[in-house]
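Each remark here refers to the structure printed beneath this line.
The values are calculated or read from the model by the stated rules, or taken from the named source; none is laboratory data. Please read all numbers here as calculations on a predicted model, not as lab measurements. With ideal geometry, Cβ positions are generated from the backbone for all residues, glycine too; neighbour counts draw on all protein chains shown. Areas reflect the complete protein model, heavy atoms only, side chains present, ligands, DNA and RNA absent. Shrake-Rupley method; radii C 1.70, N 1.55, O 1.52, S 1.80 Å.
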Amino acid sequence: MKLTVVRFTLELISPLHIGSGSNSADTDAAVVRDAFGDYRIPGSSLAGALRAHCGDTHSAAWGTAGKNSNRASSIEVADGYLIDWDGTTTLAARLKGAVPAFATFTEIQDHVRIDHGTGAAEEGGKFDAEIVPQGTRFRCELSLVERGDEAIACEAFDRALFALANGDIALGGDVCSGLGLVRIVQQSMTRTSFDLSTAAGLTAARNRPSAIDASSSSGASVFECNPPVDAVSNSDRVNGVVTIRFRTDGPLLVGGSQKPNSKETTDKNFGADLVFGEARVADYTKKSLVAKPWIPGSSLRGAIRHRAWHIFEALGGTDSKKSIDDLFGSVDGKNGTASKVRVHGQFLEPQARTHVQHVAIDRLTGGSLKGALYSEAPIWRDDLEISVRVRLDEVSLTDAAVLAHALIDMGTGELPIGGGTQRGNGRLLFADAKNSPAYEGKAIEFNLTHGEKRYTNKTTIAELNAFVDALESANHTLAGARE
C-alpha cells in the first residue's frame with residue numbers, strides 16, 4: 001500500500017466565484033468563506049472540477065456509490081487555504097491570535113441579461129455576484145492512496161496535477177464567462193511517497209508536517225508534472241483555445257455601475273453617472289490589492305452569443321434557440337446543458353477616463369428633455385490592446401463556423417462591446433502583432449484540434465486552408481439542416 005502526497009500553491013489567473021448559497025445586503029450571491037471570514041476553496045469544488053476534467057475513462061479513481069457497488073476515492077482533495085502576503089496561510093496567523101495582512105472584502109461583479117430580440121437589457125435581468133480577486137493564492141493538497149493495481153488512479157492523479165499546472169482547470173460558477181481559472185505557482189509543488197506496508201514508511205507518513213504551509217515531508221523536493229499521454233481522438237469536433245488581439249477604436253465603456261474605488265486610480269471622474277468599471281487584483285510582489293480597469297468575460301461572451309443568435313436567424317432553416325442553448329448552455333428548471341464556449345476577460349493597466357456629457361432629446365419638440373442630462377466616463381484611447389481568450393470544448397464544425405463569423409464581426413468593428421454602443425462606444429478592430437513571434441505577426445494565436453489534426457500558428461497554409469474550407473462547407477449546410 002502506497003500513499004503519495006502533493007502540496008502546492010494555487011493562484012487565480014481569473015477572478016473566482018464559488019457560491020456559499022447565501023445572499024446578503026451587499027450581493028445576491030456571496031462566495032465561500034471560512035469561520036474567520038477568509039476566502040476558502042472547498043475541496044469538493046476542486047475535486048469536482050478535476051474529476052470532470054479526467055473524464056469517464058478515469059472516473060473509477062474518484063470512487064463510486066450505488067446499490068451494488070461502493071468504492072472510496074483513491075484521490076483525496078483538501079480545502080484550499082488563503083495565503084497571506086508573507087507566503088503563509090491566513091489560518092496559521094488566526095490560530096496564533098494574529099490578524100492577517102491580507103484583508104478580505106466584498107468585491108462585486110454586476111451582470112445584465114440581454115434580450116435576444118431587442119439586443120437591450122432584459123427587464124428584471126440585473127443581478128450581481130461576489131468574486132475573489134484575480135491573483136489570490138491558496139495552499140492546497142492532493143493525496144493518492146494505492147491499495148493494489150491502481151493504474152487508472154495513478155493516471156488520473158497525474159492528469160489532474162498536470163491540468164492544474166498548465167492552467168486548464170476552472171472552478172466555481174460562471175466559468176463559461178472566464179471566471180475561476182487557476183494554475184499552480186511554479187516551484188511551489190512538492191511530492192512525497194510513503195510505503196505504508198513497512199514500519200518505516202508508516203512512521204514517516206504519520207510524522208509528515210501537518211501544517212499545509214510546509215512541504216509534503218521534511219525531505220520533499222520541488223516536483224514538476226509531465227504531460228499525460230492521450231489517445232488520438234476521432235471526434236469530428238473542434239477543441240482548443242483561440243486568443244485574439246483587438247485594439248480599441250474610440251471610447252470603451254464596460255461595467256458602468258462598478259465605479260473606481262481606489263485612491264491610486266487615474267480616474268478622477270467620480271461624478272459621472274456611468275464609469276468604466278474596475279476590480280482589484282492581488283499582487284503578492286507588491287503585497288497589496290491593486291485596482292485595475294476590467295473587461296469581464298461575461299461582457300465579451302454576451303456580445304458574441306447575441307451575434308451568434310442573429311447569424312443562426314439569418315441563415316434560416318435552424319431552431320436558433322436550440323442552436324444557441326446547445327452551444328452556450330442553458331438552464332430549464334432542473335435540466336441544463338453546459339456551455340461549450342468559454343470567454344475570458346482581461347484586466348487593463350490603469351487608464352484615465354474621459355468625462356462626457358449627454359442629454360436626451362424630446363422627440364416632439366426637438367429640444368432637450370427636462371431632467372435627462374447625464375454623463376459617462378469611458379476609457380477613450382485608440383489602439384489600446386485587448387486580448388480575448390476563447391476556449392472551445394467539443395464544438396461542431398457548423399457552430400465553429402458561426403463563432404468564427406461572430407469574432408470576425410467583432411474584429412472589424414461590426415460587433416461593439418459594453419455600454420453606449422449606439423453612440424459609437426465599444427468598437428474593436430483586429431490588432432496585428434508585428435513584433436510578436438508567438439503570433440507570427442498575426443492578430444490571432446490558436447491551438448485547435450479537429451479529429452486527428454492539430455492546428456496552430458505554425459501549421460502550413462495548405463492545411464489551414466483545408467480546415468477553413470471545412471468550416472465554410474459546414475456553414476453552407478446550416479441553411480438547409482442542423483446537425
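Ranking 18, 361 from most to least accessible surface, computed with a 1.4 Å probe over the protein chains only, gives 361, 18. Checking the table 340/442; 292/321; 2/96; 340/458 against a 28 Å threshold on Cα-Cα, which pairs fail? Flagged as over cut-off: 292/321; 2/96. Need one word for the range 330-379: rounded, prolate or oblate. Basis is the Cα gyration tensor (sqrt eigenvalues a ≥ b ≥ c); a/c below 1.5 gives rounded, then a/b vs b/c decides. It is oblate, given that a/c is not under 1.5 and a/b is not larger than b/c. Remark: accessible surface ordering of 31, 185 (largest first) is 185, 31, probe radius 1.4 Å. Only protein heavy atoms count here; under a 1.4 Å probe, residue 34 has an accessible surface of about 30 Å².
A Stokes-Einstein calculation at 20 °C with viscosity 1.002 mPa s, built on the Kirkwood radius of the range 306-402 over Cα pairs, returns a diffusion coefficient of 120 µm²/s.
Only protein heavy atoms count here; under a 1.4 Å probe, residue 321 has an accessible surface of about 120 Å². Each Lys and Arg contributes +1 and each Asp and Glu -1, all at the Cβ; summed about the Cα centre of the range 298-410, the dipole is approximately 300 debye. Taking every Cα-Cα distance in the range 360-456 and sorting them into 5 Å bins from zero, the calculated P(r) comes out as 2, 9, 14, 17, 15, 13, 9, 7, 5, 4, 3, 1, 0, 0 percent.
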